[in-house]
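Comments concern the structure below.
The values are calculated or read from the model by the stated rules, or taken from the named source; none is laboratory data. The structure displayed is predicted, hence computed values, not measured ones. In this analysis, Cβ positions are derived from the backbone assuming ideal geometry, glycine residues included, and neighbour counts consider all displayed protein chains. These area figures cover heavy atoms from the full protein model, side chains too; ligands, DNA and RNA do not enter into them. Shrake-Rupley method; radii C 1.70, N 1.55, O 1.52, S 1.80 Å.
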Amino acid sequence: DKDFLIFKYLSDIFLIEKDSKSAIEYAKKALASVDGIDNKTDVLENLAKIYSVSNDFQQAINIILDLLTHDKKNSNYYNILSLLYEDLNDYNNSILYINKALEIEPNNEEYLNHLKKLREKISAENW
């Protein structure tokens with residue numbers, strides 16, 4: 001457990017310092033030493049964030065899709081997928097996933113605003 005915490009904190013520090021390569025290295029070490037599903041989920045979410053800020057959107061997508069297999073009702077995961085697909089300019093998947101988030105939380109203002117923004121982007125590009 002002590003190793004897990006050390007690796008997790010080192011990963012966080014390297015992320016803050018914008019050293020994505022080291023942040024990923026220590027997040028993977030934390031994942032290898034993790035005990036318990038909650039800690040594993042936390043590390044995977046962090047690893048997805050690191051990949052995202054490193055512009056490795058596909059790796060982040062793969063991790064979030066894996067997390068969804070264990071928590072299909074997590075609207076935040078669907079929202080994150082929508083944002084990641086938007087970063088890849090894949091608006092079809094972005095809309096698909098924001099709509100899935102809205103199925104779970106239909107009145108979530110953040111999700112509603114994101115959908116509106118996506119529709120505006122698509123309209124502007126088709127103009």
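Structure summary
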item	result
Within segment 64-127: Cβ-based charge dipole about Cα centre, in debye rounded to nearest 20 (Lys, Arg +1; Asp, Glu -1)	160 debye
The chain - charge dipole about Cα centre, Lys and Arg +1 at Cβ, Asp and Glu -1, debye rounded to 20	140 debye
Scattering profile of the chain at q = 0.12, 0.16, 0.18, 0.22 Å⁻¹ [log10 I(q)/I(0), Debye over alpha-carbon scatterers]	-0.50, -0.81, -0.95, -1.17
Distance in nm between pseudo-label sites at Thr41 and Leu5 (7 Å out along the Cβ direction from Cα)	2.1 nm
Cα centre as origin, Lys/Arg/Asp/Glu Cβ charges: segment 22-97 dipole, Debye	120 debye
Summed residue charge, Cβ within 10 Å of Asn76's Cβ, Lys/Arg positive, Asp/Glu negative	-4
Partners for Lys2 among lysines (Cα-Cα distance below 19 Å; same-chain residues under 8 apart left out)	Lys28, Lys29, Lys40
Normalised contact order of segment 16-126, rounded percent, pairs of Cα under 8 Å and 6 or more residues apart	16 percent
Accessible area per residue in Å² at 1.4 Å probe, computed on the chain	62 Å²
Accessible surface of segment 1-121, 1.4 Å probe, proportion on carbon and sulfur as whole %	50 percent
222 nm mean residue ellipticity, helices alone, for the chain (DSSP H n ≥ 4; -39,500 (n - 2.57); rounded to 500)	-27000 deg cm²/dmol
